[in-house]
Amino acid sequence: MVWRETGIMDERLRFVVDCLAGEETMSALCAGYGISRKSGYKWLGRYREFGPEGLHDRPRAPLNHGRATPWDVVERIVAMKEVHPLWGPKKIMARLKRAEPCCGWPAVSTAGEILKRHGLVGRKRRRWKAAGNGPWPKASEPNAVWTGDHKGWFRTRDGWRCEPLTVMDASSRYLLALEATGSTADAEAWPVFERLFEEHGLPDRFRSDNGPPFASPGVTGLTPLAARFIKLGITLERIAPGKPQQNGRHERFHLTMLPMAKEPAVDRTAQGQAFEAFRRSYNEERPHEALAMDTPAQHYRPSRRAMPRTPPEPDYPDEAAVRRVRHNGEIKWNGGFVYVSQTLAGEAVAAAETEDGEWMLSFHAHPLGIIDTRRMKLVRRSAAPTKPLGAATDA
């Protein structure tokens, strides 16, 4: 039987008062209130233990139901989030499962709820999606394409201006370098790349924007760094102006490292150490969704093309007109002079006649432009450059 619908708390309190008065037996009291003796003893016991508060109904849900996440598992999920505050539940669970695959880890959605209950989930930001691959073939294996860029500058706490240089393998997402450089000058960039080439070997192609130290606004677009790449047999890929999505994976990575710029280190040395710690965590600990939640380190391997001790000499066709670039950046052509690039001073370039009767100037395998013989000027190639005579045709 149950209590009457009206004034349940009042009814229970009157019942307890009557019990304590001792004027009637428990059986008679329970019959008078329309409840069982079991219920009567229950409410009397709760009153004696908790006072009037014990007469309230308790939640019917079990304190620990069979599907509740064990507390030690909850603690490990929370601890992982505290160590990696930028990781979401997907990455946290992938990392924990990789460390202990036999543990009964909860679903990602459950982990998300656990983090939310502990106040560890911030406002969800709009995700920047890396789209497109530009006009180039997709990187099918490690070292097919490296990408590079300078992240927007910030100042360390002692006022030093930091221009982070980032280099990444496009296929494996392996972060090759995150360097605390002080400018975008070639003098700071080349030692970084020289170290990377010696440690990892050479990539087939290198993709960048059109800013320093990778490109210049001149007709050839060459910088000392770009010229070194060409001499090592690295093909340059430059995204179109205003098209950052053509280097979308790299741009997306810059958003991942953005919080570091908001919490700068005390000086350049400390910033370099922080960058290196981030790079190792990114490569070896942080799961990547595009890699089926593997880490970049699980997919990257060194290049089969080793860094040569000395760059090879250009191998120009016999029919090409080879010229040496003068100290002022000019070459001698048909009794006059054509300006090419002061970056190539002392280097040998070659002009080959195309099927259209134009002269295409190249540095190693890199096309520089077309020689305008009427104006004696080097001009940019058209969107669809013509082939030099003797060039191989597609099968």
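The values are calculated or read from the model by the stated rules, or taken from the named source; none is laboratory data. Just so we're clear, the structure is a prediction, and the values are computed from it rather than from any experiment. Positions of Cβ are generated from backbone atoms using ideal geometry, with glycine treated the same way; all protein chains shown enter the neighbour counts.
Here are some notes:
- Odd one out for A352 among (1) in a strand (DSSP E or B); (2) surrounded by fewer than 18 Cβ atoms within 10 Å (Cβ to Cβ): (2)
- Residue match in region 135-144 (condition: touching a Pro at 6+ places or on another chain (Cβ under 9 Å) and not in a loop (DSSP other than H, G, I, E, B)): no
- Scanning region 23-38 for residues that are part of a helix (DSSP H, G or I), out of contact with any helix residue (DSSP H, G or I) (no Cβ under 7 Å at 6 or more places or on another chain) and surrounded by 12 or more Cβ atoms within 10 Å (Cβ to Cβ) yields one hit, A31.
Residues are listed down the side, and each one gets a yes or a no for (1) aliphatic (A, V, I, L, M); (2) in the same structural domain as P287 (by TED's automatic domain parsing); (3) at pLDDT 95 or above:
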| residue | (1), (2), (3) |
| --- | --- |
| G159 | no, yes, yes |
| V167 | yes, yes, yes |
| S171 | no, yes, no |
| Y174 | no, yes, yes |
| D186 | no, yes, no |
| A189 | yes, yes, yes |
| F193 | no, yes, yes |
| E198 | no, yes, yes |
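Condition check ((1) more than 14 Å from F275 (Cβ to Cβ); (2) among the β-branched types (V, I, T); (3) surrounded by fewer than 22 Cβ atoms within 10 Å (Cβ to Cβ)) across all residues:
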{"position": "M168", "(1), (2), (3)": "no, no, no"}
{"position": "P191", "(1), (2), (3)": "yes, no, yes"}
{"position": "G201", "(1), (2), (3)": "yes, no, yes"}
{"position": "F206", "(1), (2), (3)": "yes, no, no"}
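- Residues satisfying the stated conditions in region 249-269, i.e. over 12 Å from the mean Cα position of the chain (by Cα), assigned to a loop (DSSP other than H, G, I, E, B) and not small (G, A, S): E263, P264, V266, D267
- Scanning region 39-61 for residues that are exposed (fewer than 11 other Cβ atoms within 10 Å of the Cβ) and assigned to a helix (DSSP H, G or I) turns up E49, G51, E53.
- Every residue from region 63-121 that is touching a residue at least 40 places away in the same chain (Cβ under 8 Å), of a type in the set (A, V, I, L, M) and not in a helix (DSSP H, G or I): L86, L120
- Selection count, region 327-346, where residues are touching a residue at least 40 places away in the same chain (Cβ under 8 Å) and surrounded by 19 or more Cβ atoms within 10 Å (Cβ to Cβ): 5
- Test: S216 is closer than 23 Å to H366 by Cα and assigned to a loop (DSSP other than H, G, I, E, B): yes
- Condition met for R173 (within 17 Å of Y282 (Cβ to Cβ), among the basic types (K, R) and either in contact with a strand residue (DSSP E or B) (Cβ under 6 Å, 6 or more places away or on another chain) or part of a strand (DSSP E or B) (or both)): yes
- For region 184-200, the criterion of being outside any helix (DSSP H, G or I) and over 26 Å from R155 (Cβ atoms) is met by none of the residues.
- Index of the failed condition, N210 passing every other in (1) in a loop (DSSP other than H, G, I, E, B); (2) surrounded by fewer than 16 Cβ atoms within 10 Å (Cβ to Cβ); (3) touching a residue at least 40 places away in the same chain (Cβ under 8 Å): (3)
- Any pair with Cβ under 7 angstrom, 6 or more apart, that starts in region 135-153 at a residue that is closer than 19 Å to F193 by Cα and ends at one that is part of a loop (DSSP other than H, G, I, E, B) and basic (K, R): P142/R301
- Only one of A274, A306, A290 that is outside any strand (DSSP E or B) and outside the structural domain of E179 (by TED's automatic domain parsing): A306
- Under the condition of being farther than 30 Å from A94 by Cα, among the small types (G, A, S) and in contact with a Gly (Cβ under 8 Å, 6 or more places away or on another chain), the residues counted in region 293-320 number 1.
- Qualifying positions in region 262-306 - in contact with a Leu (Cβ under 9 Å, 6 or more places away or on another chain), of a type in the set (A, V, I, L, M, F, W, C) and either free of Cβ contacts under 8 Å to residues at least 12 places away in the same chain or exposed (fewer than 15 other Cβ atoms within 10 Å of the Cβ) (or both): A306
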